[in-house]
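One structure is given here, and the rest of the page talks about it.
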Amino acid sequence: MTFDLVSSVSFMRNFALKTKKTILTDEGLIIKNEQKDFEQNADGSILTICSPAPSSEHRHVPEFISFKKILWVQKIDDEVLEISYVVSKNHKLIPATLLTIIENPPIANLDALVDRLMKKSYENSSPAKNMLIIINPHGGQGKALRLFNDRCRAILDAAHVNYEVMETSYHRHAVDIGKNLDINKYEIITCASGDGIPHEFINGLYMREDRDECFNKLIITQLPCGSGNAMSISCHGSLEPSIATLSTLKNKVVKTDLMAVTQGIGSEEVTKLSFVSQAYGIIADCDVGTDWLRFIGPSRFELGVTLKVLFRSKYPCDIAIKYAAKAKHDLNEYYSDHVNKNNLNNQSQKDETITKENFKIKFPKLDDAVPSDWEIYDHESSKNLGVFYVGKMPYVSKDTNFFPAALPNDGTMDLVVMDSRTNILSTACALLSVEKGTHVLRKEVQHSKILAYRLVPKAAKSYISIDGESFPFEPFQVEIFPGTLKTIMNDGSYIPTGFSATVK
Ligand SMILES: Nc1ncnc2c1ncn2[C@@H]1O[C@H](COP(=O)(O)OP(=O)(O)OP(=O)(O)O)[C@@H](O)[C@H]1O
């Protein structure tokens, strides 16, 4: 018997393109499973027996496709719709396509039905956006480009996103991209990188005269393709680029606070923006101070912290702080008040325009005395400082829920301080509980909400790390630029950190 490939493929194509009957519900489409068949991929190809055996999830149309997973709906003829959606495969999302006739259309007109299905699929955002993807090809130890091409591109294509890709070709290139970008061309800037590229891009925008318009217009988000991806873990709740891509398309835009970090005096004064954290002491030393140990991978950080704690490394400095809630019980009260208030205020916050006023430095310069309502940190403690870490996003890296009480736009930063004189066992217990975020509950850990601070390093030579980047080892002062960064967050807030459960 001869095997007729052409007629077999043609048979398969007809078989594959057979439409499925579906039933529309409030949550999505129930697929009527009359018989098992094959489906069409997002690129238009058909899965056939000639292809390598597809996985069972991919081969079969699911029983239900929720609106959350639908990327695009279009009319094929007077009866049939084509639905593009994502399916999960090995903890990743991949696009797939289905032809369908909806058995219970709420409206007879198919164009109106398409419109309604698209609105349901994009309840919190708008479809087919104009997007700039900035890829650091060196990010994630050189994996960023491949991750973007393999995990994100097909989803963006299936969702009809109009995107342009720009690869960074030198260190700090993203600063120049931000400085020179035609902001009218894009709605979303997506950094397929670590936290370094959004940090640079945001700072490029900040250097412009029209910074208020830039931050008003552009939404900035991250596809986790680097080694430090705090923005994606905290906002999309995932380190998987395909999941972050879906989140970028579907989730709510939230305005979050930026932190303004000033160094230098007089003509040397420079203010830069920070969106994740500032560190001095053990964390900075092990983050940017162990760059030479990069070859041993992410464990360089853990190794560094262990050694510094064992040797009771201390990082003297002078600190002055303007507190919003200093003690743990004040912070808990502040947190629950704010979470309740924020639920009511989300809509009004969304509509507020970012103006030049939002970017105004409010506090005295570094060579001026600190205001009288700032508190000078106890000298004995600041002489023996171990960890000084200030953050705006809860997860600073995978499994590191360092700032579990961080809130996107409460106008404060979260401060965590540890004293090098704390006994080693307590320090080790505190650091071991960072994954769950319960370190902040321990009595030997200071955890406060702050509005501004000044830190003058007194150590002979060490590091200052801002968003994971090394900054000049000199005094710095930080305050908040409230609600200045538009980004995308799951359910309109940071992912749950477990902190609310600890607040009585
Ligand atoms: N083409 C390039 N050549 C050299 N450096 C680059 C290039 N593109 C970007 N960079 C730099 O790479 C650094 C890290 O970027 P990013 O955060 O995206 O990656 P990452 O994998 O998280 O890196 P890291 O582990 O170094 O923090 C930034 O300082 C950026 O300026």
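Bear in mind that the values in this text are calculations on the coordinates, not laboratory data. As the structure is a prediction and not an experimental result, all values here were calculated from the model. All Cβ positions, even for glycine, are placed from backbone atoms using ideal geometry, and neighbour counts span all protein chains on display.
Summary of computed values
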read-out	value
Long-range amide H partners of I76 with built H, under 5 Å	L81, E82
Net lengthening on full extension, N180/D210 (0.36 nm per residue, minus Cα-Cα)	9.7 nm
Residue-span extension gain [S372 to K356] - 0.36 nm each, minus C-alpha spacing	3.1 nm
Extension gain, D157 back to D318 (0.36 nm per residue minus Cα-Cα distance, nm)	52.7 nm
Charge dipole (debye, nearest 20) of the range 130-250; +1 at Cβ of Lys and Arg, -1 at Cβ of Asp and Glu	260
Long-range amide H partners of N33 with built H, under 5 Å	none
Label point distance in nm, K458-H91, each placed 7 Å from Cα along Cα→Cβ	4.6
FRET efficiency, N384 to N149 (Cβ-Cβ, R0 35 Å, nearest 0.05)	0.10
Residues whose placed amide H lies under 5 Å from that of E375, excluding near-sequence neighbours	I321, K322, Y323
Residue-by-residue Karplus 3J(HN,Hα) for the range 364-379, coefficients 6.51, -1.76, 1.60, Hz, glycine and proline x	x, 6, 4, 8, 8, 5, 6, x, 5, 8, 8, 9, 7, 5, 3, 4
Karplus-derived 3J(HN,Hα), 6.51/-1.76/1.60, for each residue of the range 482-490, Hz, glycine and proline x	x, x, 9, 10, 8, 9, 10, 9, 3
Label point distance in nm, D26-V270, each placed 7 Å from Cα along Cα→Cβ	5.5
Computed FRET value (nearest 0.05) for K398 with D78, which takes r as the C-beta separation and R₀ as 41 Å	0.25
Cα gyration tensor shape of the range 411-491, rounded if a/c is under 1.5, else prolate or oblate by comparing a/b with b/c	oblate
Members of K217/K362; K179/K392; K20/K250; K89/K129; K250/K449 lying beyond 29 Å, as alpha-carbon distances in this model show	K250/K449
Given charges at Cβ of Lys, Arg, Asp, Glu: the range 362-409 dipole, positive-most of L385, V370, A405	A405
Modelled FRET efficiency - R0 25 Å, C429 with I495, Cβ distances, 0.05 increments	0.50
